[in-house]
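The values are calculated or read from the model by the stated rules, or taken from the named source; none is laboratory data. Since we're looking at a predicted model, the values are computed, not measured. So basically every Cβ, Gly included, is an ideal-geometry build from the backbone, and we count neighbours across all protein chains shown.
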Amino acid sequence: MKGPFLETVRFELAYYLRRISTWVYFGIFFLIAFLLVLAAGGAWESVGVSFGGSGGNIKVDSPYVALQLTAALSIFGVIVTAALLGNSVYRDYEAVIHPLFFTSPVTRFSYLGGRFLGALLVNALVMLSVPLGLMAGAAAPWTDRARFGAFTLAGHLHPYLVVVLPTLLLTGAIFFALAAITRQMLPNYIGGVVLVFGYLLAGSLMQDLDNERRAALLDPFGGYAIELATKYWSPAQKNQLLVPLEDVFLWNRLLWLGVGLTVFLVVYARFRFTHVAAERASRKRVTHEETASGTAYVAPRRLSLPRPARHFGAAAQLRQYLSVARRSFWTIVGNRYFYAIIAAALLFMAISAQEVGKMYGTTTWPVTYAVLDLLGATFTLFLLIIISFYTGELVWQERDVRLNQVHDATPVPTWVPLAGKFTALALVIVLLQGVMLATGVATQAAKGYFNFELGLYVRRLFGTELLSLVLLAVFVMLVHVVVNHKYMGHLLVILYVVFSGLMSQFGLEHNLYRYNSGSSGTYSDMNGFGPWLEPFGWFKLYWIGWALLLAVLTNLFWVRGQETRMAWRARLARFRFRRPALAATLVAGLLVLGLGGFIFYNTNVLNDFVTSREVEERRAEYERTYKRFEGAPQPRVVGVRVWTDIFPEEGRARVRGEYRLRNKTEVAIDSLHLMVPQEVEIRRMAFDRPATRVLADPEHSFYVYRLAAPLQPGDSLRLEWEVDYGGEGFENSVSNTRVVRNGTFFDSGILPSFGYAEGVELGDDDTRRKHGLQPKPRMAPVNDPEARMNTYISRDSDWIDFEATVSTSPDQVAIAPGYLQRTWTEDGRRYFHYRMDSPILNFYSFLSARYEVERDRWVGPDGRQVAIEVYHHPGHEYNVERMIYGVKKSLDYFTANFGPYQHRQVRILEFPRYATFAQSFPNTIPYSEGIGFIARLDDEEDVDYPFYVTAHEVAHQWWAHQVIGGNVQGSTLLSETLAQYSAMMVMEEEYGREQMRKFLKYEMDQYFSGRSMERKKELPLLLVENQQYIHYNKGSVAMYALRDYIGEERLNGAIRAFLEANRFREPPYPNSLEFYRHLQAATPDSLRYVLTDLFETITMYGNRARSASYTRLPDGRWEVTLEVEGNKIRADSLGNERPVRMNDLVDVGVFAAAPAGKPKEAGPVLYLQKHRIGSGTQRVRVVVDREPASAGIDPYHKLLDQQAGDNTVEVKPAAGGVRATRRP
Amino acid sequence: MELVISHLSKTYPNGVRALDDVSLTIPQGMFGLLGPNGAGKSTLMRTLATLQEADGGSATLGGIDVLRDKDEVRRTLGYLPQEFGVYPKVTAEDLLDHFAVLKGITGRRERKETVKALLEQTNLYDVRKKKLGGFSGGMRQRFGIAVALLGDPRLIIVDEPTAGLDPAERVRFLNLLSELGENAVVILSTHIVEDVSELCRRMAIINRGRILLEAEPLAAIDALAGKVWKKVVEKDDLAPYEAAHQVISTRLLAGRTLLHVFAAERPDPSFDPVDPTLEDVYFTAMAGMHTREASLSGAEVAS
């Protein structure tokens, strides 16, 4: 019985092992794995890639990185699986040899099982190349060895066992089954597409924390389950741990193994050794027709062949081309599997459309660009599969049915089938774009949004995107024709696409040599296609020229006839390279040269083309050359007047400025060190006294002037300057999103400043090492007296007087900080004069757009008034009222709890979504259209983040603009964490604790994910080094918890005291320790440990409720016994954890039944008190008045706890039933 | 119009010499290319049908260089490969129409007429609306002929066309071919001797890439007259005969073996004379009894 089975396995093994393609697959995957490790390992200086967060603390050869790379490559392995497993039975049908097998005495088990096992083994062998390649890479000596050092054999083999093999079993079973049952290859691709959709869907559902676990199960490749399982791993853990096969990851693997097994069993059960099942339908016809043609005598007829006129001219060729195109198009579109793919795509989009623009679990309005972005992001992979797949099918169309000889011998020029098929492919793409349009509109309508911007749909789907797709298709066609091996073609296409996405990270950054480059950029409601459109057009024209060349090449190598050896094909190609091809080459060549030259002139002559590598070099060079000037005494800016002329249509601005400077030092200053960013052009630089320029280094933005007479301590100086920004041709990749047609926004960062800028130095230690620089600390120590002489946002000034005149196009409004003094029109331009009446930080911005303005007014309890203005894009009214309301509520809370607002006005200004942040400048808050303006808050439970962001930015008018920390560790605690806390208080007052819980869940999630990607070292909150995950996310959680422990009054009192002591303080600037002293003063001794945990250390909990039961007391009340486990953990800066003794006050809560669909802790609170909880398991007894449904420890997640889901459990009746107690 | 092949050779990467200095002159009419499987017939046919490249040599059709001016050749070519498939889901009429366009019949009405006529000629008119996937081997073969005949070709190459046809279809098919031969160069490759003897005015025998004989069938048969002898022997007694005589073929006859031997004189009285057939010519050639020169001169004598 086992003879034939083993023989089948052996035969299958031998068959594939003899095939060259098997080894080519092996080689490709080995090489990719190997090269990826080398690339991430710093083998090439110009390559700056990172996989799985490698670099910094995470070693390239760590188990985690190996896992990530293996998981990613395992997805690409699907193509190989389709080729190997899919072909395993299918090739018998293809070779029509299946009757021989089917009539032999092998059993179904031997045939199917043997084939499956054999092919599977081969595939497993091929995929073994991945760990081998990774290990070879890790062993390669010519890398930056500092990035390695966490290698373990298990770390590299484990992913193979838990990721590659189970995935292989699943995908293998599916491909094997589909081909065996349908006797076609096409359904295989559908299977592949469906798998990819599962993966994409999981990805899009992951964005919502509530869906995470479900989403992770859904990913057939297991990648998202891994992501979930390792999401909070610290760098240290990533270097040490193997992903445990438990929980979601285990379920994911089991689920999909089960699916694979089921599929295989179904096929096994349904498979019959019969004649072609697929042809059953047509067989009837055959018999019917046989009789029609008959075998009876038919009288011979005189043959009279028609002699039609025949045409071979251009017109005839056109007809032939159209005929091929039409036929090819219908071949694709007439097939039901095509609709299966479309249906799968539609289903997928319908689901993922639920996630439009989610932030804090809140969606945005489905504006057209958002829907297009969503469709684009999810459809890209899908379209790529379609293009590669159908290109392969079309190229092989005749050969697949063995009609190629007849076809090839017809008197058509070779370009006819090529162009015809390509046209069909292009038409299919057009059709799919149409489907996308319909889907997009349907999605919008389904979500109750009816502003369909059809023009935008058409311009993107049938304009920019179609162009890119068609250009891609040309390349894909070339690959398939030249490679002349279907699966290898698919594999190469996918690899090409992946690589082309990574090219810039591999140091290939110029668009001129990245095929199909030219991005249509970020579409903005405010600014349309913005500055991208023009370069997009030129680049695409250039690539059309190349595409023509590729098409000629494709034509030369088009397989016609039986000669498929490369030598012959090359000879044939030379032979085919005659007049028409020559002419086309010439035209295309001229196009490429001409446009290439024009583009080069724009990107490299008019603009500065600098690679990332060169940028790094410049920064390193800057440090090496000018570091010696750091700390050299420089005058401080005390007053700024600027005249800014914005030319939106030309994308440029001219800024003239006057700095008043004072020597605040104790020494005379004779040299002035000026930094003028390299992207602006200096037109004028004049001091009010004799000075000579002794150094001009535009490449490093550094200039030195020597004053004829040194500036004495206390003396003042005036500098007048004028610079130009932008407007010259177009860049290789658009960097000037600052001055644009509608929605200009730039800040003082591009204007001249004084002194060596430490911020220019390379920060990342890996990069520093690459350039021969020593690692350096991210920030100066918290008490560094010298560093505290500057704020963390400026190094040449303290508080300044500010005045600005801004001009712009007549239909726009221009804004700068300060109060509007006057506006007028002159020479067809509109002018605005702003002046600030109180000192501000040397930090200001300019905006200009066609705005609509919503105005309101806040009146304080003392009768003080603050004008509120929201400048927004017409059509973006959705949340303007909320923002205004948010401003009012913020002013209410902040003035009542912290102190007065220093300005008379709050302005919110929308800017295009090229950046997605809001930023507080004095009385001026630029606010991206990407966050909040189109947020959709239908559900009362949605986190109102427009409101929250507004409150956060308004809070910055206090935290940063009234008190600002020195340029040392911990300072962002004083601005960001306090702004975060302030905003939360406003939000809680408005929306209640329930929404805060939801909000904090995201904050906690982002903290844990953030620390897992820390490249240098995680610091306690008190010493935060401008790390967002700490000052925002951990800060939120910490402050909220602290408020819970010591009370809002006390906490706000401490904050107020700190503010009062430091308002508009001159240097030295405050640090976090000063603030901390206020906190300590406000905290009772019994809770000092809380401060230590939250601010001085990295402390986390792993608390959980194990079980809970209740008994009914004789008095009718319920006694709940809760078994809880207390775990307290401290981590070091790399995330090495150690347990610490716990004896902390932690919430214990008991809840009545929650409404359906809500989390347990959403039920009415029956009991909520802080209990002392120690390490380990313990029991807590609580008596409540109503029937309890659930109970837990820290049910509201006030403490940092990675596993928040296990804090609450159901309360069950105790085993003993009603307990008779002695208690009354 | 005449197809002249001279010194054509082709060696495959695996070392097989598929064509070894092949020279042939093929006039208008049916030309049979006879040879065993793997003799190089298909290679020759494909080369003439522009689908394969020769390592050396030349072929001209009228004034056309077959190996270089492929487009020219294709305009006058009708080619039926030895093995071909069809799109299973397309109807006969539809696919034929498509090929008609490809063959340059771009006028709509003319194309319609041509397609109709050819479907009728090949007895497929009744099934023109049926999908090709349901066609039997014979129907498919006829469909291939219809494609080959599109556009009134001057050079028709049919590679093993009768394999897989039932007797009636074969007859009908051969009739069709013979009529085509009246005003075109028709090359028929086959390993079935009858096909040639019934149809072809000229023929060549090819083996291992070499032309063993180029002749008119009747003349070749005549040339063998009086040189072929037969004898029936027991199966077990074959060996001594093979050693002593030029055995050209053996065949079972009622359990015993019928020998044909080639000899200028009757070998011994136990041998009987045979009226040679084309099959004897074929086997004689295969056995190496003909030199090319001899057959050529024979052909010249006969013509």
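Annotations
- Leading residue by the ranking (surrounded by the most Cβ atoms within 10 Å (Cβ to Cβ)) among those in segment B:110-123 that are free of Cβ contacts under 8 Å to residues at least 40 places away in the same chain and within 8 Å of chain A (Cβ to nearest Cβ): B:Thr114
- For segment A:212-240, filtering for residues that are part of a loop (DSSP other than H, G, I, E, B), surrounded by 18 or more Cβ atoms within 10 Å (Cβ to Cβ) and out of contact with any strand residue (DSSP E or B) (no Cβ under 7 Å at 6 or more places or on another chain) leaves 6.
- Only one entry of A:Pro1020, A:Pro1067 meets the criterion of being touching a Ser or Thr at 6+ places or on another chain (Cβ under 9 Å) and surrounded by fewer than 19 Cβ atoms within 10 Å (Cβ to Cβ), and that entry is A:Pro1067.
- Failed condition for A:Arg855, given (1) out of contact with any helix residue (DSSP H, G or I) (no Cβ under 8 Å at 6 or more places or on another chain); (2) part of a loop (DSSP other than H, G, I, E, B): (2)
- Of all residue pairs spaced 6 or more apart or on separate chains, those with beta-carbon atoms under 8 Å, a first member in segment A:1091-1102 that is under 18 Å from A:Phe1008 (Cβ atoms) and of a type in the set (Gly, Ala, Ser) and a second member that is modelled with pLDDT under 95 and surrounded by 21 or more Cβ atoms within 10 Å (Cβ to Cβ) are A:Gly1102/A:Asp1201.
- Test: A:Ile868 is under 15 Å from A:Ile908 (Cβ atoms), in contact with a Leu (Cβ under 6 Å, 6 or more places away or on another chain) and not hydroxyl-bearing (Ser, Thr, Tyr): no
- Within segment B:51-64, tally of residues that are among the polar types (S, T, N, Q) and either touching a helix residue (DSSP H, G or I) at 6+ places or on another chain (Cβ under 6 Å) or more than 17 Å from B:Leu155 (Cα to Cα) (or both): 1
- Meets criteria (in contact (Cβ under 8 Å) with a residue 24 or more places away in the chain, crowded, with 17+ Cβ neighbours inside 10 Å, touching a Ser or Thr at 6+ places or on another chain (Cβ under 6 Å) and within 17 Å of A:Val395 (Cα to Cα)) for A:Val552: yes
- Matching option when the condition is touching a residue at least 40 places away in the same chain (Cβ under 8 Å), farther than 30 Å from A:Arg253 by Cβ and among the β-branched types (Val, Ile, Thr), among A:Val106, A:Val96: A:Val106
- Residues being free of Cβ contacts under 8 Å to residues at least 24 places away in the same chain and facing another protein chain (nearest Cβ under 7 Å) - total across segment B:124-133: 1
- Test: residue in segment A:802-816 that is in a loop (DSSP other than H, G, I, E, B), over 39 Å from the mean Cα position of the chain (by Cα) and surrounded by fewer than 20 Cβ atoms within 10 Å (Cβ to Cβ): no
- Residue that is in contact (Cβ under 8 Å) with a residue 24 or more places away in the chain and in contact with a Cys (Cβ under 8 Å, 6 or more places away or on another chain), where the choices are B:Met1, B:Met30: B:Met30
- Residue in segment B:50-58 that is closer than 28 Å to A:Arg576 by Cβ, in contact (Cβ under 8 Å) with a residue 40 or more places away in the chain and β-branched (Val, Ile, Thr) present: no
- Test: residue in segment A:497-507 that is free of Cβ contacts under 8 Å to residues at least 12 places away in the same chain and either farther than 30 Å from A:Ala39 by Cα or touching a Leu at 6+ places or on another chain (Cβ under 9 Å) (or both): no
- Index of the failed condition, B:Thr50 passing every other in (1) within 7 Å of chain A (Cβ to nearest Cβ); (2) part of a helix (DSSP H, G or I); (3) not basic (Lys, Arg): (2)
- Candidates A:Asn1143, A:Asn1071, A:Asn1103 - the one that is closer than 30 Å to A:Asn57 by Cβ, over 33 Å from the mean Cα position of the chain (by Cα) and not small (Gly, Ala, Ser): A:Asn1071
- Counting only helices (runs of 4 or more DSSP H) wholly contained in segment A:1044-1142, the ones carrying 2 or more residues that are among the hydroxyl-bearing types (Ser, Thr, Tyr) occupy A:1072-1082.
- Filter result for B:Ala39 (crowded, with 20+ Cβ neighbours inside 10 Å, within 7 Å of chain A (Cβ to nearest Cβ), touching a residue at least 40 places away in the same chain (Cβ under 8 Å) and not β-branched (Val, Ile, Thr)): no
Every residue, every condition in (1) within 26 Å of A:Arg579 (Cα to Cα); (2) out of contact with any Lys or Arg (no Cβ under 8 Å at 6 or more places or on another chain); (3) not aromatic (Phe, Trp, Tyr), yes or no:
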| site | (1), (2), (3) |
| --- | --- |
| A:Val401 | no, yes, yes |
| A:Asp408 | yes, no, yes |
| A:Trp415 | yes, yes, no |
| A:Thr423 | yes, yes, yes |
| A:Met436 | no, yes, yes |
| A:Thr439 | no, yes, yes |
| A:Ala446 | no, yes, yes |
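- Qualifying helices (runs of 4 or more DSSP H) (wholly inside segment A:302-415; at least 2 residues being surrounded by fewer than 19 Cβ atoms within 10 Å (Cβ to Cβ) and away from chain B (no Cβ under 12 Å)): A:336-352, A:368-395
- Residues in segment B:5-34 that are under 16 Å from B:Leu188 (Cα atoms) and either in a strand (DSSP E or B) or within 14 Å of another protein chain (Cβ to nearest Cβ) (or both): B:Ile5, B:Leu24, B:Thr25, B:Ile26, B:Gly29, B:Met30, B:Phe31, B:Gly32, B:Leu33, B:Leu34.
- Qualifying residue in segment B:96-108 (condition: more than 10 Å from chain A (Cβ to nearest Cβ), in a loop (DSSP other than H, G, I, E, B) and closer than 21 Å to B:Pro161 by Cβ): no
- Extreme residue, surrounded by the fewest Cβ atoms within 10 Å (Cβ to Cβ), among residues of segment A:145-173 that are at pLDDT below 90 and aliphatic (A, V, I, L, M): A:Ala146
- Members of segment B:65-81 that are within 14 Å of B:Val147 (Cα to Cα), touching a helix residue (DSSP H, G or I) at 6+ places or on another chain (Cβ under 7 Å) and more than 7 Å from every other protein chain (Cβ to nearest Cβ): B:Gly78, B:Leu80
- Residues that are out of contact with any Phe, Trp or Tyr (no Cβ under 9 Å at 6 or more places or on another chain) and either modelled with pLDDT of 95 or more or at positive phi (or both), drawn from segment A:984-999: A:Gly992
- Tallying residues that are facing chain A (nearest Cβ under 7 Å), modelled with pLDDT of 85 or more and in a helix (DSSP H, G or I) within segment B:145-192 yields 2.
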